[in-house]
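> I am attaching a structure below and will ask some questions about it afterwards.
The values are calculated or read from the model by the stated rules, or taken from the named source; none is laboratory data. Predicted model, so just to flag it, every value in this text is computed and none were measured. Here the Cβ positions follow ideal geometry from the backbone for every residue, glycine too, while neighbour counts run over all protein chains shown. SASA here: full protein model, heavy atoms, side chains in, ligands and nucleic acids out. Shrake-Rupley method; radii C 1.70, N 1.55, O 1.52, S 1.80 Å.
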Amino acid sequence: MEIREGLPDDLERLIDFMELVDNEFVPPLSLQPGGIYERVSGTLAKMDSNFIIGESNGRVVGAMGYRKNWNGIEEVLGEAYISFIAVHPGYRGQNIARLLDRALAKKLCPVWVTHVNVTTWSTNPGAYRMYQQLGYVVSKTLKNHRGPGVDTIYFRKNLK
């Protein structure tokens, strides 16, 4: 297993990976503004954003997209936002999300990022548990934000 930063050449592989997990998101990534292509191309190997990729035998088995100086709502110096995180269904339960999270923290701490933010939805208990296990705490809940009975939950983690 190798954990590394995304490179421009990873565009198609990340798009394929997101298409694999597309329907696990609410709403599906392909139906969100800009769709999958813009999500990947707008983040991959940019000055303030990128992906952390988990690979096994040349295959993407996990990915985490992030943006520096953003908290998920607005620009905030010293904060970062995880815009995407997923693990390949065949590789879940192997601590890949933990490895991606650690790699992100290692990358962000030297550039004075003090907090990482991420969102999920209330009907995704696996992500909720995972974020708590990784040290994130709920910072805000938007009731019915993703539809009737589907709340958006904001998590936050202190890196210092």
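> Scan region 135-158 and give yes if some residue there is closer than 24 Å to Met1 by Cα and in contact with a helix residue (DSSP H, G or I) (Cβ under 9 Å, 6 or more places away or on another chain), otherwise no.
Pass one, region 135-158, residues closer than 24 Å to Met1 by Cα: 135.
Next, only the ones that are in contact with a helix residue (DSSP H, G or I) (Cβ under 9 Å, 6 or more places away or on another chain) stay: 135.
So far as region 135-158 goes, yes, one or more of its residues are closer than 24 Å to Met1 by Cα and in contact with a helix residue (DSSP H, G or I) (Cβ under 9 Å, 6 or more places away or on another chain).
> Could you go through region 46-59 and let me know if any residue there is more than 23 Å from Arg102 (Cβ to Cβ) and either surrounded by 13 or more Cβ atoms within 10 Å (Cβ to Cβ) or in contact with a strand residue (DSSP E or B) (Cβ under 8 Å, 6 or more places away or on another chain) (or both). Walk me through it before giving the result.
The first filter runs over region 46-59 and keeps only residues more than 23 Å from Arg102 (Cβ to Cβ), leaving none.
No: region 46-59 contains no residue that is more than 23 Å from Arg102 (Cβ to Cβ) and either surrounded by 13 or more Cβ atoms within 10 Å (Cβ to Cβ) or in contact with a strand residue (DSSP E or B) (Cβ under 8 Å, 6 or more places away or on another chain) (or both).
> Continuing with the same structure: Name every residue in region 57-68 that is in contact (Cβ under 8 Å) with a residue 24 or more places away in the chain and of a type outside the set (D, E, K, R), in order of residue number. Reasoning before the result, please.
Narrowing region 57-68 to residues in contact (Cβ under 8 Å) with a residue 24 or more places away in the chain: 59-68.
Residues satisfying the conditions are Val60, Val61, Gly62, Ala63, Met64, Gly65, Tyr66.
> Right, another one. What number goes with the only condition from (1) closer than 17 Å to Thr119 by Cβ; (2) at pLDDT below 95 that Glu79 does not pass?
Result: Glu79 fails condition (2) only.
> Just the residues that are among the aliphatic types (A, V, I, L, M) and part of a loop (DSSP other than H, G, I, E, B), please, taken from region 14-33. Walk me through how you get there before you give the answer.
Applying the first criterion (among the aliphatic types (A, V, I, L, M)) to region 14-33 yields 14-15, 18, 20-21, 26, 29, 31.
Listed by number, the list holds a single entry, Val26.
> Under 8 Å by Cβ, and 6 or more places apart or on different chains, what pairs join a residue from region 102-128 that is farther than 16 Å from Arg67 by Cα and open to solvent by 40 Å² or more (accessible area, probe 1.4 Å) with one that is assigned to a loop (DSSP other than H, G, I, E, B) and among the polar types (S, T, N, Q)?
Tyr128/Ser122
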